[in-house]
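Inspection log for the structure reproduced underneath, given as structure tokens.
The values are calculated or read from the model by the stated rules, or taken from the named source; none is laboratory data. Bear in mind the structure is a predicted one, so any value in this text is a computation, not a measurement. Heads up, the Cβs are rebuilt from the backbone with ideal geometry, glycines too, and the neighbour counts pull from every protein chain shown.
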Amino acid sequence: GSKGIGLAIVHAFLSYHMTVYILDVAPPEDDVCRQAMTDKRLAYLNVDVANTNDLNSALERVFGEHQRLDCAVNNAAIYEAEENRNILWDDGTTEWQVDRILQTNLGGVVHGTRVASRLMKRSPPDSGPKTIVNLSSMGAFRPTPRRAVYGATKAAILHFSRSADEDLRDDGIRVYCVCPGIVDTDMGHMGGERNRQAVAQMKGQERMRPELVAE
């Protein structure tokens, strides 16, 4: 929630006068968020979503401060592309580096959804509709150079979200999955020249603004 799509989502929520918590490894540094934190409409919690204990404790803290949870957005993601190479196929790449991508992208969504849904069920019955939004990408549908593991996690997020929605809707919780195309963020520009060439060849895939995804 401190940059890219996540930051745009935070701005959108703040524009609707919601109380927002950012769970991220780095704090936001823009003026809108600084002012919102001063006004107590926004709080930042240092959380690595790959660490399930940290994630659980942070969400429990949010619930403890308000006795309700209305919406959760699982957005954190990393991938294996570096400039002109994919570390997945390097001899020096460790299992930890690969597992880190899986745990951040997929594990963060699965456990974030589990904990959020549990807290939503504990919210007062008259506190309104409950929504969980999980961020996938077009990588769930088509291969992208240097992002094999990333794409696999995004495909898994899409299927998980659809199944979770079926499981939780009777509890008044809807689970949605958003699959944006190429987004104009720092992450969207990573991956080297080959990745940029592949993006340029994708017809009808102009870069989207993060604000459009947030809306």
Those residues that are within 15 Å of Asn75 (Cα to Cα) and either of a type in the set (Phe, Trp, Tyr) or not in a helix (DSSP H, G or I) (or both), I need them from the stretch 107-160; list them, please.
Thr131, Ile132, Val133, Asn134, Leu135, Ser136, Ser137, Tyr150, Phe160
Considering every residue within the stretch 124-133, establish whether at least one is over 20 Å from Asp171 (Cα atoms), modelled with pLDDT under 95 and surrounded by fewer than 20 Cβ atoms within 10 Å (Cβ to Cβ).
no
Restricting the first residue to the stretch 163-191 and requiring it to be in a helix (DSSP H, G or I), which pairs with a second residue that is of a type in the set (Ser, Thr, Tyr) and modelled with pLDDT of 70 or more meet a Cβ separation below 9 Å and a spacing of at least six or different chains?
Ala164/Thr113; Ala164/Ser117; Asp165/Tyr176; Asp167/Ser117; Leu168/Thr113; Leu168/Ser117; Asp171/Ser117; Met187/Tyr79
Examine the stretch 80-88 for a residue that is in a loop (DSSP other than H, G, I, E, B), crowded, with 19+ Cβ neighbours inside 10 Å, at pLDDT below 90 and touching a strand residue (DSSP E or B) at 6+ places or on another chain (Cβ under 8 Å), and state whether such a residue exists.
yes
Reported set for the stretch 46-68 where residues are among the charged types (D, E, K, R), part of a helix (DSSP H, G or I) and over 18 Å from the mean Cα position of the chain (by Cα) is Glu60, Arg61, Glu65
I'd like the residue in the stretch 149-181 that is of a type in the set (Val, Ile, Thr), closer than 21 Å to Leu102 by Cα and buried (at least 19 other Cβ atoms within 10 Å of the Cβ) and, out of all such residues, is modelled with the lowest pLDDT.
Val149
Pick from the stretch 127-151 the residues that are of a type in the set (A, V, I, L, M) and touching a residue at least 60 places away in the same chain (Cβ under 8 Å): which of them is nearest to Glu65 (Cα to Cα)?
Ile132
Only one residue in Ala76, Ala43 is in contact (Cβ under 8 Å) with a residue 40 or more places away in the chain and either outside any strand (DSSP E or B) or not basic (Lys, Arg) (or both), so which one is that?
Ala76
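For (1) within 22 Å of Asn51 (Cβ to Cβ); (2) touching a residue at least 60 places away in the same chain (Cβ under 8 Å), each residue gets a yes or a no:
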residue: Ile101; (1), (2): yes, no
residue: Gly112; (1), (2): yes, yes
residue: Val115; (1), (2): yes, yes
residue: Lys121; (1), (2): no, no
residue: Pro125; (1), (2): no, no
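Quick grid of which residues meet (1) surrounded by fewer than 21 Cβ atoms within 10 Å (Cβ to Cβ); (2) farther than 24 Å from Gly64 by Cα; (3) touching a helix residue (DSSP H, G or I) at 6+ places or on another chain (Cβ under 9 Å); (4) at pLDDT below 95:
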| site | (1), (2), (3), (4) |
| --- | --- |
| Ser2 | yes, no, yes, yes |
| Tyr16 | yes, no, no, yes |
| Thr19 | yes, no, yes, no |
| Ile22 | no, no, yes, no |
| Glu29 | yes, yes, no, yes |
| Val32 | yes, yes, yes, yes |
| Asp39 | yes, no, no, yes |
| Ala43 | yes, no, yes, no |
